Every structure is written in structure tokens, then in C-alpha cells.
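Right, one structure below, let's go through it.
None of the figures in this text is laboratory data; all of them are computed from the coordinates on show. What you see is a predicted model; the values in this text were computed from it and never measured. Don't worry about glycine lacking a Cβ; one is built from the backbone with ideal geometry, like all the others, and counts go over all protein chains shown.
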Amino acid sequence: MPPEEKNSVTKDNQSIIGWFLDTLWMERGLSKNTMDAYRNDLVHFAISLQKNHSNLISASSSDVLAYLSTSKSVSVRTVARRLSSIRRLYEFLVREDRIKVNPVSNIETPKLARSLPKSLTEDEVEALLNAPDIVDKLGLRDKAMLELLYATGLRVSELVSLTLQQVNLRQGVLRVTGKGNKERLVPLGEEANDWLTKYIQQARGEILHNAMSDDLFPSNRGQAMTRQTFWHSIKRYAKLANIKKPLSPHVLRHAFATHLVNHGADLRVVQMLLGHSDISTTQIYTHVARERLKNMHSEHHPRG
């Protein structure tokens, strides 16, 4: 959200949003990205209220519905997310006795069609993993990152924030801190372990110009890599691999989970590896596996 929009929020509304977010962070330990999403949604809502001469404390159900009705230009998913942020705020304000009536209590969340996550075939993944030039130090770094991402199903924010202390090459595991500051151990697999070892031994020191750093994957400037930088790298390698599908780091996470389920992995194991707090989030991959089976049946069965 542009700074001028944040600055246009009244001090009273800013105070309410800040208090709510501080409490939410202390209670839930949410990631910066999640906190930013809450802040943006609530600032957007507060500005809308102010235009109608209202504020976060005095808002009614009609104000909330009027705000949601102006969101027709955005997706249903965005409207649902905004409503979820607003609902969370007012549950907090009722709990803290700042308001008596929750204006969102009788407003239903819009129904979302459950879309299957975008993924890659195993051949496409192979082509992507082979795209970096491993003779080049940055190419070897990117090769190790792609192998690690596919082998572990990490979120891209977890990948770029990895430190040397989180890697145990001898035991072949990563110690990852995910959403809600929850820690999990993730196995590397032999291939990713080998490429990570080669990268650390042959390229990392050169990228850092032998400077001291805890970052596992520094940028070519010797600083921590951003999610955006890695996303641009993946797009470049997808082009080299002749992959026509829209590609992002999250697609490799989906490919990791999809291919595990396709090869018979237990859903609870996949849930643990992905760091999902709720099994229902992981169950989408059973639908992916069923879609694959239906496609195979229609393609190969004589009466398909």
C-alpha cells in the first residue's frame, strides 16, 4: 500500500490497528508477510470508513457491507481475505471490551471455489533443475536452491532466510522455522544434500568474497537474498527450460507435495513436511492425485 494511503488514516484508527496487530503478533507470532496483509486490509477498510464519516470503533454492519460492496473490482478471494481481517479485528475489540456489538457477526464469508494448485510434471521439474549453469558460482548457488526447494517443499520465505546453523549435512536435515514461529525438521534427500555440499564448498565463499555471514544463500552483493530476486531467477530458468506455464517458487512447493502424494506418500507425512497446521490444507493434494488418475484413465483406457 502506498505510504500516502497509510498516512491518510486518522490517529485513532492507526492506534486501533497498531494495538490489534501488536496483540496478534504477541499471541500468534505471525510472519511479517501475514502481519503486512492484515495491516493493508485494515488500513484500506479504515480509509473507506473515513470517507463515509465513520471509524473503526463506531462502524456498523451496514458500513462493513457497504465497504465490501465497493470491492467488486477485486476477486472473491480478496474480498474473503479482507472480511477475515475485519472479522478478526472486531472479535478482538469485543474481547477487549472496546465495543459491545460485533458488526461482522452476521456477515457471511463468500463461498470460494477450491482451485487445484498449479504444479509441474516430473519432466518439467527435471528440466528446470538442470537449467542453471553449475560452472558459474551463482549458477551453482541457484542449482542448490532449486534442488533444495523441490526436495523439501519449503516456502520461498523459509528458503531465502535459511542460515548455516539450520543445516545439518551430516544428518541430512534442515531445521526450519515456519509460520507462527513453529519449528520443524525436514529431510534433505541425497541429491539436494550433494548439491548443497558442493555449493557450500565451492561457491558460497566466493560469492561472499570470503566475508563473514550466516546467510546460506547470499546474493551476488553478499547480502541476504530477497524473495523477489529468487522469483526472477526462477522465471529466467523456466524460460531456459522451455517451460510455458506461469511459474513461481510456490509452484515448486506444490510440485513437491503433488509428486509425493502421486508416489504414495501418507498425507500426514506431507502435512508435517510442508508445515501445515491443519490437515485440511494438505488434503487439496489428494484432489490433485485424483485428477491425475482421471486424466491417465481417459488417456489410456480404451473406454476412457
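Which pairs, out of Lys51/Lys100; Lys32/Lys244; Lys11/Lys32, put more than 26 Å between their alpha-carbon atoms? Where the Cα-Cα span goes over 26 Å, the pairs concerned are Lys32/Lys244.
FRET efficiency for the pair Glu191 and Lys32, taken as 1/(1 + (r/R0)^6) with r the Cβ-Cβ distance and R0 = 30 Å, rounds to 0.45.
Restricting the trypsin sites (Lys or Arg not before Pro) of segment 204-245 to loop positions (DSSP other than H, G, I, E, B) with no more than 12 neighbouring Cβ atoms within 10 Å leaves Arg221, Lys244. With neighbours defined as other Cβ atoms within 10 Å of a residue's Cβ, the residues Lys137, Lys182 order from fewest to most as Lys182, Lys137.
For the pair Glu126 and Val101, the difference between a 0.36 nm per residue extended length and the Cα-Cα distance amounts to 3.4 nm. Normalised Debye scattering of segment 99-212 at q = 0.20, 0.22 Å⁻¹ gives log10 I(q)/I(0) of -1.17, -1.32, counting only Cα atoms as equal scatterers and leaving out solvent. Loop-located GluC sites (Glu not before Pro) in segment 61-111 (DSSP state other than H, G, I, E, B) with a sparse environment of at most 11 neighbouring Cβ atoms within 10 Å: Glu96, Glu108.
The distance from the alpha carbon centre of segment 178-234 to that of segment 75-97 is 36 Å, rounded to a whole number.
From least to most packed, judged by other beta carbons within 10 angstrom and beginning with the fewest, His254, His232 follow the order His232, His254. In units of the rule-of-thumb radius 2.2 N^0.38 Å, segment 3-95 shows an alpha carbon radius of gyration of 1.02. For segment 237-251, backbone nitrogen atoms closer than 18 Å to the point 7 Å from Glu206 Cα along Cα-to-C-beta are found at no residue.
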